[in-house]
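One structure is given below, encoded as structure tokens.
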Amino acid sequence: MVFNTQKLTLCSGLKLLVALCAISLLGCSRSDEQGQCNAAPQVPVRQVVIIGIDGLRADAVSPALTPFLFRLAESHGLAWGKIDVSNGRTQQTYSAPGWVSVLTASWATAHGIVDNSSAGPIKVQTVFERLQGSKADSRSVLMTSWKPLYDLVQGRLRSLPEIHHAAFLRQDDAAIEQEVLTTWRACQPELAFIHLDAVDKAGHNGSFDPSDPGYAAAVRETDSRIRRLWEKAFAPPSTQGATPQRLVIFASDHGGVGNSHGRYSDAERWAPLLAISPSGYPAVKISSLVDIGQVSLDFVQ
Ligand SMILES: [Zn+2]
């Protein structure tokens with residue numbers, strides 16, 4: 001494997017470590033999984049899908065770059081919003097604190113993951129544990145290609161019965177897509193977090209800027225990927241023949257400036273957000289990153 005020098009600009013030491021690890025003889029693998037997304041005997045009445053688009057700047061959502069996501073909002077009478085992922089310039093705009101805030105419904109002051117070097121363990125319960133604690137027969141899924149996130153979250157979940165929570169660490173977004181297309185229509189979990197990382201990678205390789213050709217291409221590609229997931233996995237009926245009432249939340253963990261992020265500029269701390277409730281269900285209110293997990297639990301519990 002040729003090591004692309006551009007990849008050396010990857011945001012975090014952890015991401016670099018993962019890349020080095022994957023190409024070394026250390027035995028690490030970018031592909032791993034825990035539990036299985038088994039076919040549900042019957043689909044849940046309600047389901048939440050959180051789609052996390054890493055490093056998507058708020059101004060990258062547009063008819064030109066995200067035609068599917070833009071139209072999806074319009075077709076539901078909605079508009080994309082944006083939220084301050086830094087909690088008023090108090091939480092660094094890195095992926096580990098950001099996504100853990102989503103998945104614990106708490107800020108880093110509570111969950112303890114302050115930057116991408118925080119080793120964990122996460123100090124508070126994740127939404128996966130809280131869901132299973134309140135609904136014993138529920139099932140949840142985590143899919144990501146970013147090993148630090150997989151390790152942090154799964155580090156908390158070793159005691160969770162494997163039939164109730166499945167986690168997939170995959171090579172890249174294409175492999176995540178394949179996993180969703182393969183498993184979704186039978187699995188139908190109550191709660192899923194699907195993390196897509198290509199936009200962040202493109203930002204680090206070029207610039208977190210919709211006018212940067214590489215970044216724009218990654219945003220367009222991710223929009224197309226989500227369209228395929230929507231059309232082939234989410235929209236069709238499940239293999240059990242019914243479709244749950246589904247809340248879908250699109251979120252990002254940070255934007256960026258130049259080829260990095262972590263600080264508190266507007267371009268880094270404002271991230272796009274869209275929540276689509278099923279018809280007949282009132283619009284959910286999400287005004288901060290930590291609302292996402294709580295709204296999700298409130299919906300399915
Ligand atoms: Zn990054």
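Look at the alpha carbon pairs under 8 Å that are at least 6 residues apart: their mean separation over the length of region 31-300 gives a relative contact order of 36 percent.
Peptide packing: for 37-50, 245-258, the average count of neighbouring Cβ atoms within 10 Å per residue gives the ranking 245-258, 37-50, highest mean first. When the Debye formula is applied to the Cα atoms of the chain, each taken as the same point scatterer, what base-10 log of I(q)/I(0) results at q = 0.13 Å⁻¹? Log10 I(q)/I(0), no solvent term: -0.87.
At q = 0.10, 0.18 Å⁻¹, what log₁₀ I(q)/I(0) does region 23-144 have when each alpha carbon counts as one equal point scatterer in the Debye sum? Debye intensities relative to I(0), on a log10 scale: -0.47, -1.23. Note on region 197-234 and region 61-102: Cα centroid distance 13 Å, given to the nearest whole angstrom. Compute the distance in nm between two label points, each set 7 Å from the Cα along the Cα-to-Cβ direction, one at residue 64 and one at residue 151. Modelled inter-label distance: 4.0 nm. Taking a point 7 Å out from the Cα of residue 263 in the direction of its Cβ, the residues of region 270-296 whose backbone N falls within less than 15 Å of it are 270. Charged neighbours of residue 78, selected by a Cβ distance under 14 Å, balance to +2 (K, R count +1; D, E count -1). Which percent, to the nearest 5, of DSSP beta bridges fully inside the chain are antiparallel? Roughly 35 percent of the beta bridges in the chain run antiparallel, per DSSP.
Simple spin-label estimate for residue 89 and residue 117 gives 2.4 nm between the two label positions (7 Å along the Cα-to-Cβ direction from each Cα). When the pairs 135/285; 82/201; 123/147; 123/232 are compared against a 28 Å limit on Cα-Cα distance, 123/232 fall above it. Here r is the Cβ-Cβ distance between residue 75 and residue 172 and R0 is 35 Å; the resulting FRET efficiency, rounded to 0.05, is 0.75. Computed across region 163-221, the Kirkwood hydrodynamic radius from all distinct Cα-Cα pairs reaches 13.1 Å.
The Kirkwood radius of region 191-284, taken over pairs of alpha-carbon atoms, gives through the Stokes-Einstein law at 37 °C and 0.692 mPa s a diffusion coefficient of 216 µm² s⁻¹.
The numbers here are math on the coordinates, done by the rules we state, and not lab data. Treat the numbers as computed from the prediction; the structure is a model and nothing was measured. We place every Cβ from the backbone using ideal geometry, glycine too, and count neighbours over all the protein chains shown.
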